[in-house]
1. The list (i) 1.11; (ii) 1.02; (iii) 1.17 gives values of Cα Rg over 2.2 N^0.38 Å, and only one came from this structure; which label was calculated from it?
2. Once you have the Cα-Cα distance between residue 113 and residue 175, take 0.36 nm times their residue separation minus that, and quote the gain in nm to one decimal.
3. Less than 24 Å apart at the alpha-carbon level, and either on another chain or at least 8 residues along: which lysines does that give for residue 38?
4. Treating the beta-carbon of each Lys and Arg as +1 and of each Asp and Glu as -1, no other charges, what is the dipole magnitude of the chain about its Cα centre, to the nearest 20 debye?
5. Put a dot 7 Å past each Cα toward the Cβ at residue 182 and residue 198; how far apart are the dots in nm?
6. Take the alpha-carbon positions of the stretch 1-70, form their convex hull, and give its projected area averaged over all directions (one quarter of the hull surface) in nm².
7. Using alpha carbons only, what's the Rg to Rh ratio of the stretch 40-89 with Rh from Kirkwood?
8. Once you list every other residue whose beta carbon is under 15 Å from the beta carbon of residue 215, what net charge do they have if Lys and Arg are +1 and Asp and Glu are -1?
Amino acid sequence: MAHFTAPRIGIVGAGPAGISAGIFLKRYNFNVTIFEKKAIGGLISNAWRVENIPIMEPASGETIVNMFKKYISLYNVPIIFEEVLKVTETTITTNKSSYKFDEIIIASGTNPKRIQEFELCDKKIVYEFRDLPDSFDSLAIYGAGDVAFDGAIKAKLSGIRVHIFNRSKKIRALERLVSLALKLGVVYHEEEPIIEVTRENNNVILKTSKNTYKFNSMLIAIGRTGNTDFVKTKSVYVVGDAAHPEIRQASIAIGDGIKIAMKIIQKYKNMST
């Protein structure tokens, strides 16, 4: 590494994949900058419990985010909190400026599948648990995957009244999550699609195919797609959930980040010899 100037690496996204890549690159003295729109940790910060990293004991999303923050501090990985609007072969353009790099890694995760007609002009209807209001006592969740049941458990353990609405009979969540949610008293509505969402005073009113319900807030969790529309080139590395949104496993995202970091490190090591 002493034979050339440290390459400049730009990473889009401070979730498990982006942080892992950044830390490994910094260990080899690369010049790394991570860009993040919201907060460190990505979607993992929403999780009640993360059990898909085999070498770690199950832990809350907040606990894992705190571990990420410690490593970021230890290796002095800079994070710029700006929204990335466009990525070309060597340039990351944000809502505030443009930045040049030798290599760019896209670890931008996923975007939620939206239901725009349900989106009222307030923060009571959200697509991520961390975006829910600071104070609420009832929650409707639309969806029947891991995110839906994990969020239901997290809310129920905080004393929140929780109902899950599933459009069909198919439950995509792990059996363990479903069993625990139901044991805790989460109300599950099978084959009960939500038809309309309106606002009444401080409440969200849900009209389904069977009934009408009143809640303080609503979490829509009907699936996610890769967040790569802003990438205008194929000459970058795409890792983690952005690369394969249908998998969405933290351990795979971490491995992806490390794999690409080592690929870049090897590339420049070979150039220096």
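Bear in mind that the values in this text are calculations on the coordinates, not laboratory data. Not measured: the values here are computed from a predicted model. So basically every Cβ, Gly included, is an ideal-geometry build from the backbone, and we count neighbours across all protein chains shown.
1. Checking each listed value against the structure points to (i).
2. That works out to 20.0 nm of additional length.
3. 26, 69, 70, 86, 96, 100, 113, 123, 124, 154, 232
4. Value, rounded to 20: 420 debye.
5. 3.3
6. For the Cα atoms of the stretch 1-70, the hull's average projected area reads 5.3 nm².
7. Ratio of gyration radius to Kirkwood radius: 1.08.
8. +2
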